[in-house]
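Colleague: Structure provided below as structure tokens; questions to follow.
The values are calculated or read from the model by the stated rules, or taken from the named source; none is laboratory data. Since the model is a prediction, treat every value here as computed from it, not as a measurement. Neighbour counts are summed over all protein chains in view; Cβ atoms, including those assigned to glycine, are modelled from backbone coordinates with ideal geometry. Keep in mind that these areas ignore ligands, DNA and RNA; they rest on the heavy atoms of the full protein, side chains included. Shrake-Rupley method; radii C 1.70, N 1.55, O 1.52, S 1.80 Å.
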Amino acid sequence: MSNYIEELQKIIDGSSKIVFFGGAGVSTESGIPDFRSQDGLYSQKWKYPPETIISRSFFDSDPKEFYRFYREKLIIKGVQPNAAHYKLAQLEKAGKLLAVVTQNIDGLHQAAGSQKIYELHGSTLRNFCMDCGAPYDIDFIAASAGSPDSLPRCTKCGGLVKPDVVLYEEGLDDNVINGAVQAIAAADTLIIGGTSLVVYPAAGLINYFRGNKIVLINKSETAADSKADLVIHDSIGKVFSQIKV
């Protein structure tokens with residue numbers, strides 16, 4: 001076992017109130033592309049820049065193009081949780097993990113068995129009619145490509161169904177933010193993983209940490225490396241697969 005794994009194991013063993021703050025890198029090992037790597041969505045050619053397409057103003061002005069992109073790039077079928085997701089669920093079951101705070105929208109933490117999750121940017125698994133609030137699953141959105149106007153229309157009132165995902169230009173949910181802040185503030189150890197910490201206001205939540213140890217696990221350097229007690233530049237799934245609960 002390498003030195004950094006041994007040190008991480010000691011930190012986890014000595015902690016009883018861990019909070020995990022994660023980003024896209026947690027899910028890339030499950031086959032979900034991130035937004036900022038060389039092979040991520042932001043480097044691919046599309047009719048409009050991805051940042052534009054997944055904004056609220058674009059959703060309102062051109063929902064057909066929004067959903068064409070959304071169905072092809074953000075609905076990814078057949079993905080499974082990886083070692084990082086499962087280890088976090090085990091830590092929670094063991095009473096050592098208070099919560100997962102995630103920027104991801106894929107629902108893989110739930111699929112792995114985690115219970116206390118703050119989804120800062122929502123989830124592709126939840127969708128609601130904008131008029132009557134009726135809920136729909138991800139398959140309903142995927143199947144909407146075959147509808148008469150290529151849009152997911154509510155079967156009850158005909159209203160447009162919108163994913164419960166925070167688009168650019170939309171604010172984060174206050175209840176989710178407050179819950180995440182309270183969890184981070186109560187933690188004795190904060191493990192930050194798979195995030196470049198460049199998306200705000202989400203990245204700013206780590207500033208509420210008042211505990212003992214900050215661990216940062218990411219393949220590349222981040223602006224918070226200097227603040228961490230332990231920095232591991234490696235695959236988060238590879239790292240967590242070596243941790244014992």
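Colleague: For the range 169-245, which semi-axes, largest first and in whole Å, follow from the square roots of 5 times the eigenvalues of its Cα gyration tensor?
Modeller: Each semi-axis is √(5λ); the values are 22, 15, 12 Å.
Colleague: Return the distance in nm (one decimal) between the two label points of a simple spin-label model at ILE75 and VAL198, each offset 7 Å from Cα along Cα→Cβ.
Modeller: 2.9
Colleague: For the chain, with the dipole built from +1 on Lys and Arg beta-carbon atoms and -1 on Asp and Glu ones, taken about the Cα centre, which of HIS121, ASN82, VAL176 lies farthest toward the positive end?
Modeller: Checked the options; the winner is ASN82.
Colleague: On the accessible surface of the range 110-245, probed at 1.4 Å, how many percent belong to carbon and sulfur atoms?
Modeller: 49
Colleague: Which residues does a label at SER57 reach in the range 157-184, if reach means a backbone N under 19 Å from a point 7 Å past the Cα toward the Cβ?
Modeller: 166-172
Colleague: Taking Cα atoms, how many degrees apart are the long axis of helix 63-73 and the longest axis of the chain, rounded to 10 and kept between 0 and 90?
Modeller: 40
Colleague: For the chain, what is the per residue volume of the convex hull drawn over the alpha-carbon atoms, in cubic angstrom?
Modeller: Residue-normalised Cα hull volume stands at 122 Å³.
Colleague: How tilted is helix 3-13 with respect to the longest principal axis of the chain? Cα atoms for both, answer in degrees (0 to 90, nearest 10).
Modeller: Its long axis makes an angle of about 80 degrees.
Colleague: Within 10 Å, count the other beta carbons around each residue, average over each peptide in 204-217, 151-164, and list them highest first.
Modeller: Working: 204-217: 18.5, 151-164: 16.6.
Packing order, densest peptide first, comes out as 204-217, 151-164.
Colleague: How much net charge surrounds CYS129 when only the other residues with a Cβ under 11 Å from the Cβ of CYS129 are counted, with Lys and Arg +1 and Asp and Glu -1?
Modeller: Value of the local net charge: +2.
Colleague: Same structure, new question: Tell me the relative contact order for the range 85-129 as a rounded percent, counting alpha carbon contacts under 8 Å between residues six or more apart.
Modeller: Relative contact order for the range 85-129 comes out at 40 percent.
Colleague: From the Cα trace of the range 1-144, what convex hull volume per residue do you get, rounded to a whole Å³?
Modeller: 133
Colleague: Counting only heavy atoms of the protein chains, get the accessible area per residue of the chain (1.4 Å probe) and round it to a whole Å² value.
Modeller: Values: 11540 Å² over 245 residues.
Here the per-residue accessible area is 47 Å².
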